[in-house]
Amino acid sequence: MEGLAAERASIEIPDYSQTLAQITTAVATVDERLVTLSKKPTFGLSPQGFSQEIVAASEKKSGARIVRQSPIAARPCSRSSGT
């Protein structure tokens, strides 16, 4: 048992403080950027709302009205009756 205790005490544990400090700084930077992004109005839109904003912007730029059916609504329903 004494040999095991002495062997364990002789193991050098690396000092990761500098690496952990770098990781902490990087995470804080990412956090700041995510907070900034989360305040943008686009992130409050649903995918459909985002699509509508794109269409509205393209209509505004070109002056033409774009009529487009959702690809989901255009697909036929393929549910089976289960029998």
Test: Thr42 is out of contact with any Gly (no Cβ under 8 Å at 6 or more places or on another chain), assigned to a helix (DSSP H, G or I) and either modelled with pLDDT of 85 or more or of a type in the set (Phe, Trp, Tyr) (or both): no
Positions within segment 4-31 being charged (D, E, K, R) and either part of a loop (DSSP other than H, G, I, E, B) or surrounded by 10 or more Cβ atoms within 10 Å (Cβ to Cβ) (or both), in sequence order: Glu12, Asp15, Asp31
When residues of segment 45-72 are limited to those that are of a type in the set (D, E, K, R) and part of a loop (DSSP other than H, G, I, E, B), the one modelled with the highest pLDDT: Arg65
Pairs where the first residue, in segment 56-68, is over 17 Å from Thr42 (Cβ atoms) and loosely packed, with under 10 Cβ neighbours inside 10 Å and the second is among the hydrophobic types (A, V, I, L, M, F, W, C) and at pLDDT below 65, C-beta under 6 Å, 6+ apart: none
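The values are calculated or read from the model by the stated rules, or taken from the named source; none is laboratory data. It should be emphasised that the depicted structure is a prediction, and the values quoted were computed from it without experimental measurement. Cβ atoms come from the backbone with ideal geometry, glycine included; neighbour counts cover every protein chain shown.
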